[in-house]
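The values are calculated or read from the model by the stated rules, or taken from the named source; none is laboratory data. Fair warning: this is a prediction, and the values are worked out from it, not measured in the lab. Every residue, glycine as well, gets a Cβ built from its backbone with ideal geometry; the counts of neighbours run over all protein chains shown.
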Amino acid sequence: MRDIENRKYIITLLFILVAMIFVGRLFYMQVVDDKWKERAAEISENKVVTYPARGIVYDRNKEKIIANEVYYDIRVIPSQAKNTDSVALVKLLDIPMEEYVDKMNKARDYSYIKSSELVRQIPPNEFAEIAPQMYKFPGFFEVARTLRMYPKNTAAHVLGYMNEVSPTDIERMPYYKAGDFIGREGIENKYEEVLRGKRGVKYLLQDAVGVTSGTYEDGRFDTLALQGKNITISLDWELQEYGEKLMQNKLGSIVAIEPKSGEILAMVSAPTYDPNLLVGRRLGENYYNLQEDTLLPLQNRATLSKYPPGSIFKTIMALIGMQEGVITENSSFACQKSLVGCHNHPTAGGVSDAVKMSCNPYFYQVGRRIIQQGKKKSHFADAAIGTDIWADYVKSFGIGTDLHTDFPGVIRGHVPTTEYYNSVYHEYGWAFSTIYSISIGQGEVEVTPLEMANLACIMANRGYYYYPHFIKEIEGGYIPDIYTQRNYTKVDKKYFEPVIDGMWRVVHEPGGTARRARVDSLNICGKTGTAENFKMVNGRREQLVDHSVFMAFAPQDDPQIAIAVYVENSGFGGTWAAPIASLMMENYITGTISDTVKENRILNAVLIKDDVSNIVKPKK
């Protein structure tokens, strides 16, 4: 009897112990361990990510140049999509039947009761025709999403575009999930973190068959999506649009900068394209067509192309020569064509004359005196010392260095050094006589259009520049400090005046090489260049039509704009680049054009060759 009673207590104790274990485990799962709460939520709740509106982008005059627009995705719940007239549906949605069948099979494999994507990013004008017919197709419904739109249809290379993140993006930046969109190229890319905002989350309760039955805890755990910050960039939309018109039917670029701030006013790359082509469901097809175009419309020539600077570079040579003391502003050299070819003109009586007449032999002599200063007895060792002195000066003008521009994909020009020449010719295998073409902006010297526009700023400011940039204001009123600091060259301010005097005479005096750039009211100072252009054919250099180059600033005493223009395969700098630059400066400063004959000549000019195979692709 006692054994039976003891057994009863043991069994009771076991039941109590098991009950306590279950209660304890349930308490741990429901209160202590978050993963079980999350698993329960997965079963009973539907976690929906809400996407914020992306920040708006304005130009310097508060014109909206990047905005948001509602696009539509079509989704399907397979269990509700019965007796669908698939032929009518694919015709309405303008998709191939094969794509429809594939998407429906994937949707069924994923879930019969949850929705899957069928068609994405239908623009509002197309959806307006689709919406009235959607009632005919049960189980199919639309979901609105916000995408970018570009109201001005300009500045495609500056603004960039957006597309869906790739697996590589997700691996590199865990913030993003499959289906998210990210800025590609331009401002959209550079200011992605500012513009994108912060995602929100909404929790919806679902019943056993996946039908939504309300919000979880009345939305207590929901978070709101936070809109991205608006930004103002320095671009002047009207100037940008005008520049794109001037560069129609031409290859090349224009970069215009405000010298007193380093703010980029215009960045034109020609040919260009409508940025709205890279929005919506046709993005992939349009991108492919642009990529296949032999004129390279996707290439931003302003930041991704390198060219010989041509005679523009003579301004730097004159400044280095005076700073080094190897010439004065009154140094005179005869136009000795046996040294290097030149056009006919009087002997330059000093730096101002030499800049005005763009005398090649003059700057040959300047270059020789800079490179071969007699610091070493060996002719070759002396050239090595002089070359590095020269290169150090050139880099102080921002050429071949990091300009810290707030823009992705900016390459640097090339400034050859002693190390470079030793690698090409071997040590003591070269001297100034080998590399003399650098004195006139040819040979191994290469610049980008952005660097040339920055050089125009240096001339305008008499020796300093701000890093060229687009950002003018981020919502909240700040820009990075790096864009407010001055960067000085290694040349004293006093040496700039004779060069600038020569640049004024280039435009305003008979015998100047840029008379077509003259605008009586503006006091433009400029310098033309004709940059050598060739391609290699069977190991030989084959000369092509040279590039037309011009850099300038205006007005002379209170510069408001500095500019560089490159027109590929078009000849002398004064013929095409100079008048384009003058029209841009007059448009910006006065808002009008005084010489409509000059304007119409540029607008109507077709400078793209029929045989595009003769066009040298920009170097990357």
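The figures follow:
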{"quantity": "Scan of the stretch 386-412 for residues that are farther than 15 Å from PHE313 by Cβ and free of Cβ contacts under 8 Å to residues at least 24 places away in the same chain, ordered by number", "calculated": "THR401, ASP402"}
{"quantity": "ILE254 vs. criteria touching a Ser or Thr at 6+ places or on another chain (Cβ under 6 Å) and under 29 Å from GLU444 (Cα atoms)", "calculated": "no"}
{"quantity": "Cβ-Cβ under 9 Å pairs, at least 6 apart or on other chains, the stretch 151-174 side over 20 Å from GLU63 (Cβ atoms) and free of Cβ contacts under 8 Å to residues at least 12 places away in the same chain, far side of a type in the set (D, E, K, R) and surrounded by 15 or more Cβ atoms within 10 Å (Cβ to Cβ)", "calculated": "ILE170/ASP180"}
{"quantity": "Matching option when the condition is of a type in the set (A, V, I, L, M, F, W, C), surrounded by fewer than 24 Cβ atoms within 10 Å (Cβ to Cβ) and out of contact with any helix residue (DSSP H, G or I) (no Cβ under 7 Å at 6 or more places or on another chain), among ILE458, ILE482, ILE474", "calculated": "ILE482"}
{"quantity": "Considering residues of the stretch 84-128 that are within 25 Å of ASN163 (Cβ to Cβ) and acidic (Asp, Glu) only, the residue surrounded by the most Cβ atoms within 10 Å (Cβ to Cβ)", "calculated": "GLU126"}
{"quantity": "Check on VAL70, buried (at least 17 other Cβ atoms within 10 Å of the Cβ) and within 30 Å of PRO151 (Cβ to Cβ)", "calculated": "no"}
{"quantity": "Only listed residue being of a type outside the set (D, E, K, R) and touching a residue at least 24 places away in the same chain (Cβ under 8 Å), chosen from LEU296, LEU290", "calculated": "LEU296"}
{"quantity": "Filter result for THR489 (within 20 Å of the chain's Cα centre (by Cα), modelled with pLDDT of 95 or more, among the β-branched types (Val, Ile, Thr) and in the same structural domain as PRO308 (by TED's automatic domain parsing))", "calculated": "no"}
{"quantity": "Any chance SER261 is modelled with pLDDT under 95, within 20 Å of the chain's Cα centre (by Cα), outside the structural domain of GLY160 (by TED's automatic domain parsing) and of a type in the set (Gly, Ala, Ser)", "calculated": "no"}
{"quantity": "Residue in the stretch 272-307 that is nearest to TYR72 (Cα to Cα), counting only those that are among the acidic types (Asp, Glu) and assigned to a loop (DSSP other than H, G, I, E, B)", "calculated": "ASP274"}
{"quantity": "Residues of the stretch 245-273 satisfying the condition of being farther than 30 Å from ASP481 by Cβ and of a type outside the set (D, E, K, R)", "calculated": "LEU246, MET247, GLN248, ASN249, LEU251, GLY252, ALA270, PRO271, THR272, TYR273"}
{"quantity": "Hey, SER311 touching a residue at least 60 places away in the same chain (Cβ under 8 Å) and either surrounded by 17 or more Cβ atoms within 10 Å (Cβ to Cβ) or in contact with a helix residue (DSSP H, G or I) (Cβ under 7 Å, 6 or more places away or on another chain) (or both) or not", "calculated": "yes"}
{"quantity": "Members of the stretch 258-295 that are among the hydrophobic types (A, V, I, L, M, F, W, C) and out of contact with any His (no Cβ under 9 Å at 6 or more places or on another chain)", "calculated": "LEU265, ALA266, ALA270, LEU277, LEU278, VAL279, LEU283, LEU290, LEU295"}
{"quantity": "Residue within the stretch 34-49 that is outside any loop (DSSP other than H, G, I, E, B), at pLDDT 85 or above and of a type outside the set (A, V, I, L, M) present", "calculated": "no"}
{"quantity": "Odd one out for GLU451, checked against (1) among the acidic types (Asp, Glu); (2) surrounded by fewer than 19 Cβ atoms within 10 Å (Cβ to Cβ); (3) modelled with pLDDT of 95 or more", "calculated": "(2)"}
{"quantity": "Among the residues listed as ASN523, ASN587, ASN569, ASN600, the single one being on the phi > 0 side of the Ramachandran plot, at pLDDT 90 or above and assigned by TED's automatic domain parsing to the domain that holds HIS345", "calculated": "ASN523"}
{"quantity": "THR417, sole failed condition from (1) polar (S, T, N, Q); (2) over 25 Å from ALA302 (Cβ atoms); (3) out of contact with any helix residue (DSSP H, G or I) (no Cβ under 7 Å at 6 or more places or on another chain)", "calculated": "(3)"}
{"quantity": "Residue that is surrounded by the most Cβ atoms within 10 Å (Cβ to Cβ), among those in the stretch 368-393 that are small (Gly, Ala, Ser) and in contact with a Ser or Thr (Cβ under 6 Å, 6 or more places away or on another chain)", "calculated": "ALA384"}
{"quantity": "Every pair of residues 6+ apart whose Cβ atoms lie under 6 Å, when the first sits in the stretch 237-256 and is without any contact (Cβ under 8 Å) to a residue 40 or more places away in the chain while the second is assigned to a loop (DSSP other than H, G, I, E, B) and buried (at least 20 other Cβ atoms within 10 Å of the Cβ)", "calculated": "none"}
{"quantity": "Of residues in the stretch 339-363 being more than 38 Å from the chain's Cα centre (by Cα), surrounded by fewer than 21 Cβ atoms within 10 Å (Cβ to Cβ) and not small (Gly, Ala, Ser), the one farthest from CYS525 (Cα to Cα)", "calculated": "LEU339"}
{"quantity": "Selected residue [assigned to a loop (DSSP other than H, G, I, E, B) and not aliphatic (A, V, I, L, M)] from LYS260, LYS245", "calculated": "LYS260"}
{"quantity": "Filter result for LYS114 (farther than 30 Å from VAL158 by Cβ and assigned by TED's automatic domain parsing to the domain that holds TYR176)", "calculated": "yes"}
{"quantity": "Residues that are assigned to a helix (DSSP H, G or I) and surrounded by 21 or more Cβ atoms within 10 Å (Cβ to Cβ), drawn from the stretch 394-413", "calculated": "VAL394"}
{"quantity": "Any hit, the stretch 233-241, residues being surrounded by fewer than 21 Cβ atoms within 10 Å (Cβ to Cβ), in a loop (DSSP other than H, G, I, E, B) and polar (S, T, N, Q)", "calculated": "no"}
{"quantity": "Matching residues, the stretch 566-605, being hydrophobic (A, V, I, L, M, F, W, C), in contact with a Phe, Trp or Tyr (Cβ under 6 Å, 6 or more places away or on another chain) and either in a loop (DSSP other than H, G, I, E, B) or over 18 Å from TRP504 (Cβ atoms) (or both)", "calculated": "VAL567"}
{"quantity": "Members of the stretch 447-495 found to be among the aromatic types (Phe, Trp, Tyr), touching a strand residue (DSSP E or B) at 6+ places or on another chain (Cβ under 9 Å) and not in a helix (DSSP H, G or I), listed by number", "calculated": "TYR464, TYR465, TYR466, TYR467, PHE470, TYR488"}
